[in-house]
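Q: One structure, as structure tokens, below. Some questions next.
No lab work stands behind these numbers, since they all come straight from the coordinates. Keep in mind that what you see is a predicted model, and the values were worked out from it rather than measured. Cβ atoms come from the backbone with ideal geometry, glycine included; neighbour counts cover every protein chain shown.
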Amino acid sequence: MHHTTPARRPAGRRAAERVLILGGDGFCGWPTALHLSAAGYEVAIVDNLSRRKIDVELEVDSLTPIRPMSERLAAWEAVSGRRIVFHRFDVARNYQRLLDLLVDWRPEAIVHFAEQRAAPYSMKSAWHKRYTMDNNLGATNTLLAALVESGVDAHIVHLGTMGVYGYGSAGMKIPEGYLTVHVETDDGDMARDEILYPVNPGSVYHLTKTQDQLAFAFYNKNDGIRITDLHQGIVWGTQTEETRLDERLINRFDYDGDYGTVLNRFLMQAAIGHPLTVHGTGGQTRAFIHIQDTVRCVALAIGNPPATGERVRIYNQMTETHRIRDLATRIAAQTGAAIDHVQNPRVEAAENDLHVANDALIALGLKPTTLATGLFTEVTEIAARYAHRCDKRRIACRSQWRRTGHAEVTMSTARNTATTDPLIQPI
Ligand SMILES: NC(=O)c1ccc[n+]([C@@H]2O[C@H](COP(=O)([O-])OP(=O)(O)OC[C@H]3O[C@@H](n4cnc5c(N)ncnc54)[C@H](O)[C@@H]3O)[C@@H](O)[C@H]2O)c1
């Protein structure tokens, strides 16, 4: 086991000392909690463990052996000498618990990861659509309403997605959240304005994120809540400086058809000698960011909060864009894997370009980990090392965006349509 000396707090008061992390047991939340704790913040986590219960529902498991929360926290204390407090409750439903926590603990920053985040999962059945909407919009609105009632002036840092923009941009670079528009007024003058970039959700999950944006705009305007919304690309990679310190701190790695994001699925497929399954032509272009950069970006956002009265800040949190078939070719070249083009379950254009502005986080000091440098570590440290834990039956994406009457759709939804599914009832 490695021991680290906890980072010393810099002299003078920082923008935040106490950070509450909603969804702090998840893929992005856990390494963020450790990163902020190592940087000297007092950290508390809220999570209802719904993500772990969804693994039970889908009959999958993280490729990496993630530990129960109490073991994670004890390991972190042993390694770093720092404590993280854990509160287990549902942010979408347990208003009073959240309100009491805000009033008692008075965090200066709240990082909001507590949402159902898989697009394929959100499209599995009517039950999953309703669960994703209720959970995600419920969590966001509960947080905003509780913050207003508590009178606590905490800065919310929310994880949104690049997917709110849709995956096309009429040839222009997608700006950071706001679009400048020129409108002809009734008397023939040209008025200039800035509006939220028109949304174009591609799944119920993305729909919830587009609606989160409106909730933020409203509470910001009406109640002066300070918010940074990070429109994140697809996160790849597993470990960060902190999660690497001890195997009990290991981060989750999802490779299944619902939660495994494209790069992780390719890596897994390569490690077990399965062909890389490219949806359609693989001409879809997506934005990516490494998990190490995710945690750095959240820390940068916390350290640079909006001023009182400032509108919602929106940053595009991504570092590179790639076409899916190029990713497959790159991984195939490194690992010798074959490539298999399968039918695309999503309703989307076969080919798209994506140009994205990401100047804000780079200006704050982000130095990206690129695919060119980080991919090899990921293949050897994670995919190959834990390949024996992979359940090959779970790799294919079985959610369909439209009902087709296809046997596979019926099979994948039948198990999950009951509104009383006990496995993912929020606590
Ligand atoms: N992983 C990515 O590639 C990616 C990309 C873009 C945006 N994001 C966003 O970042 C956030 C975190 O994503 P992730 O990959 O860590 O997902 P995750 O599912 O691993 O983590 C989310 C965590 O929130 C918890 N949670 C969900 N609903 C809750 C509720 N109502 N109350 C309490 N806890 C709740 C879950 O148990 C889980 O631990 C999400 O909002 C997601 O939309 C992720």
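Q: By DSSP, what percent of the beta bridges with both residues in segment 268-363 are antiparallel, rounded to the nearest 5?
A: Percent antiparallel among DSSP bridges in segment 268-363 is about 45.
Q: Per residue and in Å³, how big is the convex hull formed by the alpha-carbon atoms of the chain?
A: Values: hull volume 65.6 nm³, N = 427.
Spread over its residues, the Cα hull of the chain gives 154 Å³ apiece.
Q: Quick check of the Kirkwood formula: for segment 211-289, what is the inverse mean of 1/r over all pairs of different Cα atoms, in Å?
A: Numbers: mean 1/r = 0.0630 Å⁻¹.
One over the average 1/r among Cα pairs gives 15.9 Å for segment 211-289.
Q: Using θ = phi - 60° and the Karplus curve 6.51 cos²θ - 1.76 cosθ + 1.60, what whole-Hz ³J(HN,Hα) does each residue of segment 260-265 get, with Gly and Pro shown as x?
A: With coefficients 6.51, -1.76 and 1.60, one gets x, 7, 3, 5, 4, 5 Hz.
Q: List the residues, sorted by chain then number, that are 5 or more residues from Thr319 or on another chain and whose placed amide H is less than 5 Å from its amide H.
A: It is Phe288, Ile289, by chain and number.
Q: So, by mean Cβ neighbours within 10 angstrom, what's the order for 33-41, 274-282 with the highest one leading?
A: Peptide ranking by packing, descending: 33-41, 274-282.
Q: With only alpha-carbon atoms counted, please give the Rg and Dmax of segment 257-351, in Å.
A: Calculated on Cα positions, Rg and Dmax stand at 17.1, 55 Å.
Q: Related question: I want the antiparallel fraction of DSSP beta bridges within segment 159-233, as a percent rounded to 5.
A: So the antiparallel bridges amount to about 70 percent of the total.
Q: Can I ask one more? Mind jotting down the distance between the C-alpha centroids of segment 109-155 and segment 231-261, whole Å?
A: Cα centroid of segment 231-261 versus Cα centroid of segment 109-155: 21 Å apart.
Q: Give the lysines whose C-alpha is closer than 22 Å to that of Lys221, dropping any in the same chain fewer than 8 places away, or say none.
A: Lys209
Q: Once every DSSP H run of n ≥ 4 in the chain is given -39500 (n - 2.57) and the sum is divided by its residues, what mean residue ellipticity at 222 nm do you get, rounded to the nearest 500 deg cm²/dmol?
A: After summing the helix terms and dividing by the residues of the chain, the value is -10500 deg cm²/dmol.
Q: Taking amide H positions as placed in the peptide plane 1.01 Å from N, state which residues far from His341 in sequence (5 or more) or on other chains have amide H under 5 Å from it.
A: Distant-sequence amide H within range of His341: Val278.
Q: Could I ask something else about it? Counting only DSSP beta bridges with both residues in the chain, tell me the antiparallel percent, nearest 5.
A: Around 25 percent antiparallel, to the nearest 5.
Q: Under a GNM of the chain (C-alpha, springs under 10 Å), which listed residue has the highest mean-square fluctuation: Ala372, Ala44, Ala357?
A: Ala372
Q: In vacuum, with every alpha carbon of segment 129-259 counted as one equal point scatterer, what does the Debye formula give for log10 I(q)/I(0) at q = 0.11, 0.14, 0.21, 0.22 Å⁻¹? Two decimals, please.
A: Each listed q corresponds, in turn, to -0.56, -0.85, -1.26, -1.29.
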